[in-house]
Amino acid sequence: MALALIDTAPAHNERSGCTACKARHALQSVFIKDGLRPIDSVSSLDSVRIGSAPCFNRKTWDSSDSRSLYAVDGWGRPYFSVEDSGHLCVKTTDEAQAIDLYEVCLRAQQQGTQLPVLIRFPEIIRGRLHEIQGSFDHAIRSSGYQGVYAGVFPVKCNHDRKVLECVLESGRPYSYGLEVGSKAEMLMAMAMMGSSPGALLICNGYKDAAFMRLAVHCWELGIRAVVVLEQPQELDILLEEAAKSGVQPVIGLRAKLATRHGGHWGTTSGENAKFGLSPRDIVAVVRNLAAVGMADCLQLLHFHIGSQISSLSVVTEAVSEAAYLYAELAHMGADMRFIDCGGGLGVDYDGTASDSHSSLPFTIKDYASGIVCAVQQVCEERGVCAPTIVTESGRALVSHHSVLVFDVISRQGQAAQADSVDADEAAEAEHHVEKAARTEEPSARATPKGQALLQACARVPRSLQPTAESVRDSCMLTLSLRQQALKAFKAGCISLEERASVDESCDAALQHIRGAAAAVHAQLPDDVQLNCRPPVASYHINLSVFRSAPDMWAIQQLFPVMPIHRLDEQPTVPAILADLTCDSDGKIDSFIPAAGAKAPAPTLKLHELTSGEPYLLGMFLTGAYQEIMGSAHNMFGSVNVLTVRSGRCSEDSPAGSSSRSRAGSSGFAGPGYVVEAMEQGESACGVLARARHVRQDMIEAVRAAASAAATEGHMKWGAARSMLSTYERLLDSYTYLSF
Ligand SMILES: *Cc1c(COP(=O)(O)O)cnc(C)c1O
C-alpha cells in the first residue's frame, strides 16, 4: 500500500505549476473519485493512504501516546501510570487500586486545600525500603555471605516527621536505622529511635563536645549510636565526654577514598574531599586508641563518595578499596563489625536507564549484589569476618513518595500549531496580513514608512513558494522588516500602533513560512531552521521553583513534569514553564526526553488551555532534598501537604465537611484512597515571621495609617475597618495564587 506524505504548505495559486500543488490536486481527485469528503482538509492531513481502501490515516491520540511522550514507564514504574481515562494514576502497592491524582486534587480543593499541593504516599516509602532491604537480603543469600545488611536513612534527605516515622515503622522488622549529621538532627533522632530497638544511629558530620554528649546519652539510653570521626581532633573530644559518664563509646572512621565519582556530587570523593580521614590520619587514630587500651571501641568504617552515582563499577571499586581498609583495621586490633558504604544509590529521573547524571543504568539488585560481592571477596582474601553491611540510601528511598501538583495560571506566547500549520490557520494568517496592509482608514498616526513596511509584510505570504530558496528569502525578509520597524520606531519615524501592527504581521507571515518550511526543512540553513521552529509558549505556573524544586535551579537537575489529566488528548504546544517569582531563573526550560530519546528537551508539549477549566501539572520524584532545601524567595512559603494511602472507598467524603478555614483538617476518602491528613502550608505571616516581621506590629502600622486616612477624610471609617479585616485575613492566607 502506498503512503503519500502531503506537504503542509499553504495552498498556492494552483496555476503556478508548483509540484506540491499538483500532487495535492491529483490526490484530491482520487478522493473525489472514491467519494471521500473533506477535500479542503487534504492539505492538513499528516498522511494519506491511497489504494484499495483509502482512508484518513491521521492517528488519533490516546493515553499510550502520552505515556511515551512523557516517558512515564521509564521513570514511573511501578508506581505511576497513564490510564485510559487520560489521567495519571498512582499505584502505591502491587495489590492497591490505582489512585487518580487529578481526582484527589479536585476533591482536596473542594475540601478547602488549595494548589499547589504536595501529595505524600507513605506506602511508596515502605515499598522502596522493602526493595532495598530485599535486594541486600537476596544478594547475601545467593552469595552465601556470612554477614547481614543494616540500612540507615540519612535524615538530611527529608526530615519531615511523617517521612521519618514511616521509614522507622516500615523498617522495624529489619532494624532499619537513621543517619544524622548535625546536633539538631541528633536531637530529633534521639526522640524517635526509642521505638526501634537494635537499629543503628550513625552520627556523621563535624562534631563538638555537645554533639558527643548527645551520643553518650544515646548509649546510656540503649540506642545503638556509632560516632563516625570526620576529623582526627574529634577523637579527644569524644573520649573526654565518654569518660565523664563512664560509658564505652562505639566509634567509626570516615575514610577519604581515592576512588572518585564523576557526577555533580563527585567532589565528596577523592583525596581533596571535604570530609574524611586520610590513611595517615586513620593510622594515627588507631594508634591513639590502642595507646589508651580502647582499640576495641573502633567498630565501623564509613565512606560516602557522593550522590546519584551513575556507574556500578565506581561503586564496587570504592567498596573494594574500603574493604581493604576495613581488613587492615581489623588486623591492627580494632573490633571491626560494620562497613558503611554511605549513600549514592541513584534514581532514574529521566527514565532513560543510561549513565546520564539524571539516570541510573543499573538496578537496586545490581547495586546490592555489587556491594556484597566486593566486600565478600576482600574479606575472604584477607581472612577477616564478614562485616554487617550498612548503606545510607536517601534519594533512592524517598524520592518516589511525593508528587507536587500545581496549576497553570495563564499562557504567554503565540498559539501556533506545533507540528503543522493547517490550511485554515495559514489562510487566517494571510487574511490577517492583508487586512493589516489594507487598513484604508489611515489612523491619525499613520506614517509613510509605517504603511510601506506593512505592505511589504503583506507581500511575503503571497510571494512564498514551496522551495528552500523561497522559504529562506521570505524568512530573512520578514526578520529584516521587523528590524526595520524597530529602527524606524527608535528614530521616531513610525507610531507605536504601526510598530505593533508590523510585529503582528511578521508573526503571521512567519507562521505561514513555517508551514512551507516543513517540506524543505533539511535544505534550510541553520539560522532559518531556527526561525522556522514553532514559537515556544510560556506557561505560568502557580509555584516557586526556589521553594519546591530548588535543585532544578541550583544544579539544573531534571525532574519529570507532565499534565496529570487530558492525557488522552494530543498536547500541541511546545512550552516552557515560568514560576511565580520575580526572578528570571524561576523557570523550567529543560525536560526529560520522551521515551526512546536521549537528550533533555528544551520544551515540554502541553495542551492548549481551556478557559474556565483547570490545567494541572505534576512534578515527580521530588521526595528527596527538595522540600528541605527550598527557600522563601519572594516569600512563597511551604506548600499544602496531603498524606494519601490506598484503601477501599468505604464511603464518599463526609458531606458538609468542606471547610475553607486554614486549620488543618482531618482528611477524606475517595475511590481507592484515603487522605489521612491535610496539612496547611505556610501563611504569609508565617513566612514573614522568619524574617522577624511581627504580625501584630504590622497590623498596628496599617491600622494607624487607616485611621489617619479616615480622620483626614480620604477614606470612610467603614472602608477603613473592612480594609483592616482584609489585611488580617490575607496575613493568615496561603502565599500562592488562588482563583
Ligand atoms: C547525603 C548523604 C547521604 C545520602 O546520599 P544519597 O545519595 O541521597 O543516598 C548518605 N550519607 C552521607 C554521609 C551523606 O552526606
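Quick rundown of the values:
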item: Label-point separation in nm, Lys598 to Ala704, each point 7 Å along Cα→Cβ; result: 6.6
item: Net lengthening on full extension, Glu381/Thr60 (0.36 nm per residue, minus Cα-Cα); result: 109.4 nm
item: Accessible-area value, Cys506, 1.4 Å probe, nucleic acids and ligands omitted, Å²; result: 0
item: Per-peptide average of other Cβ atoms within 10 Å, ordering 638-646, 381-389 highest first; result: 638-646, 381-389
item: Value of relative contact order over the range 68-138, rounded to a whole percent, pairs C-alpha under 8 Å and six or more apart; result: 19
item: Solvent-accessible surface (1.4 angstrom probe) belonging to Lys449, in square angstrom, nearest 10; result: 90
item: 30 Å Cα-Cα threshold exceeded, pairs from Lys91/Lys207; Lys449/Lys587; Lys274/Lys587; Lys183/Lys244; Lys162/Lys207; Lys156/Lys587; result: Lys91/Lys207; Lys449/Lys587; Lys274/Lys587
item: 13 Å beta-carbon shell around Cys493, net charge (K/R +1, D/E -1); result: +4
item: Long pairs among Lys256/Lys365; Lys365/Lys605; Lys365/Lys598, criterion Cα-Cα beyond 31 Å; result: Lys365/Lys605
item: Where only alpha carbons of the range 267-340 are counted, the Rg and the Dmax (Å); result: 13.3, 43
item: Under the Debye formula (equal points on every Cα, no solvent term), log10 I(q)/I(0) of the range 440-522 at q = 0.15, 0.16, 0.18, 0.22 Å⁻¹; result: -0.52, -0.58, -0.70, -0.92
item: Charge context of Val228, other residues only, Cβ under 12 angstrom, K/R +1, D/E -1; result: -3
item: Accessible-area ranking of Leu187, Leu238, largest first, probe 1.4 Å; result: Leu187, Leu238
item: Taking the convex hull of Cα positions in the range 661-732, its mean projected area over all directions (nm²); result: 6.8
item: Computed lengthening from Gln231 to Leu479, 0.36 nm per intervening residue step minus Cα-Cα distance; result: 83.0 nm
item: Residue-level accessible surface for Tyr324, protein heavy atoms, 1.4 Å, Å²; result: 70
item: Glu679, Glu380, reordered so the largest accessible area comes first (probe 1.4 Å); result: Glu380, Glu679
item: Å² per residue, accessible surface of the range 472-606 at 1.4 Å; result: 41
item: Protection proxy ranking, peptides 112-119, 394-401, average beta carbon neighbours within 10 Å, highest first; result: 394-401, 112-119
item: Exposure rank, largest accessible area first [Glu712, Glu676, Glu627, Glu317; 1.4 Å]; result: Glu712, Glu317, Glu676, Glu627
item: Equivalent-ellipsoid semi-axes of the range 195-323, from the Cα gyration tensor, Å, largest first; result: 28, 17, 13
item: Mean Cβ count within 10 Å, highest first, over the residues of peptides 539-547, 612-620; result: 539-547, 612-620
item: Centroid-to-centroid separation of the range 191-241 and the range 676-721 [C-alpha atoms, Å]; result: 46
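The values are calculated or read from the model by the stated rules, or taken from the named source; none is laboratory data. Keep in mind that what you see is a predicted model, and the values were worked out from it rather than measured. Neighbour counts are summed over all protein chains in view; Cβ atoms, including those assigned to glycine, are modelled from backbone coordinates with ideal geometry. Quick note on the areas: whole protein, heavy atoms, side chains included, nothing else; ligands and nucleic acids left out. Shrake-Rupley method; radii C 1.70, N 1.55, O 1.52, S 1.80 Å.
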